[in-house]
Amino acid sequence: MLYELQKKRVGNPALDEITQNKPVNSNVATVATLNPPERTAEKIAKEFDVSPRTVRTAAKVHQAFEQSPVETQDQFKEGKITQKALVESAKPKSAPAVDSRHDEITELAESNGHKIQTAVRNFESLIEDAKAAFARHSAEFSDFAWDISIHNFKKVTTEAFHLKKYAICPACSGTKCDHCKFGYVTESSEAAILDIINHQEAVSA
């Protein structure tokens with residue numbers, strides 16, 4: 001009996017009838033399968049001196065057990081997974097959400113933008129260390145390396161930041177259009193394009 005089996009497995013899973021490969025045919029499981037209606041649950045609950053909630057839970061567990069693969073059933077029999085975990089594992093898995101804003105190219109841009117930013121920061125740190133070393137000897141670093149300037153890398157840092165912020169053009173979905181030229185736009189441009197699209201749709205409505 002499914003309900004009775006669940007009571008037993010809490011105390012000693014090894015003694016469960018289900019672990020002895022006995023059929024899961026119980027008075028509760030048989031009558032209360034597939035989530036019984038409220039009245040049915042109350043009737044069974046009175047008959048077996050349990051709560052209606054217990055009957056409904058037993059029905060859900062029974063259904064989940066029947067729908068689970070053999071490996072999961074074995075784990076349940078051995079007490080390795082709980083009733084709640086069994087029921088959750090039997091629920092249909094929803095498809096992962098599709099990200100319409102990003103793809104392999106935008107991920108590549110973000111990854112490399114981060115690497116460039118890190119490289120620039122490391123270089124800036126090296127320049128500062130070199131300046132400090134020269135200063136300790138009362139010498140000007142710029143006299144020896146006048147053409148090395150952190151300021152030259154400010155634009156690189158800015159471009160690297162934007163490189164991390166690209167998304168698929170919302171107007172053409174990446175097929176290239178007048179808004180994006182090559183199928184992708186920065187986040188700041190994306191917001192502006194969306195405003196234009198929304199305005200055009202409102203006007204044409």
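Structure summary
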{"quantity": "Segment 73-124-segment 153-195 distance, computed between alpha-carbon centres (Å)", "calculated": "25 Å"}
{"quantity": "Three principal axis lengths of segment 166-205 [C-alpha, angstrom, descending]", "calculated": "29, 19, 12"}
{"quantity": "Average accessible surface area per residue within segment 57-131, 1.4 Å rolling probe, Å²", "calculated": "67 Å²"}
{"quantity": "Measure of compaction for segment 130-205 (Cα Rg per 2.2 N^0.38 Å)", "calculated": "1.95"}
{"quantity": "Evaluated over segment 55-139, the Cα radius of gyration and Dmax, each in Å", "calculated": "28.8, 86"}
{"quantity": "Per-residue HN-Hα couplings for segment 66-79 [Karplus 6.51, -1.76, 1.60; θ = phi - 60°; Hz; x = Gly/Pro]", "calculated": "5, 8, 7, x, 4, 4, 5, 4, 5, 4, 5, 4, 7, x"}
{"quantity": "Loop-resident sites, segment 124-201, for chymotrypsin sites (Phe, Trp or Tyr not before Pro), counting at most 13 other Cβ within 10 Å (DSSP)", "calculated": "146, 182"}
{"quantity": "Mean shadow area of segment 118-167, taken as a quarter of the surface of its Cα convex hull (nm²)", "calculated": "3.5 nm²"}
{"quantity": "Percent carbon-and-sulfur accessible area, segment 97-170, ignoring ligands, DNA and RNA, probe 1.4 Å", "calculated": "57 percent"}
{"quantity": "Nitroxide proxy distance, nm - points 7 Å out along Cα→Cβ at residue 175 and residue 137", "calculated": "6.4 nm"}
{"quantity": "Peptide ranges 195-201, 115-121 listed from the most packed, as the mean C-beta count within 10 angstrom indicates", "calculated": "115-121, 195-201"}
{"quantity": "Entries in 46/77; 43/91; 60/80; 131/154 that, when Cα-Cα distance is taken, lie over 23 Å", "calculated": "46/77; 43/91"}
{"quantity": "Theoretical gain in end-to-end length, residue 154 to residue 187 [0.36 nm per residue, Cα-Cα removed]", "calculated": "9.9 nm"}
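The values are calculated or read from the model by the stated rules, or taken from the named source; none is laboratory data. These numbers come from a predicted model, not from an experiment. We place every Cβ from the backbone using ideal geometry, glycine too, and count neighbours over all the protein chains shown. Protein only, heavy atoms only, side chains kept; ligands, DNA and RNA dropped before computing areas. Shrake-Rupley method; radii C 1.70, N 1.55, O 1.52, S 1.80 Å.
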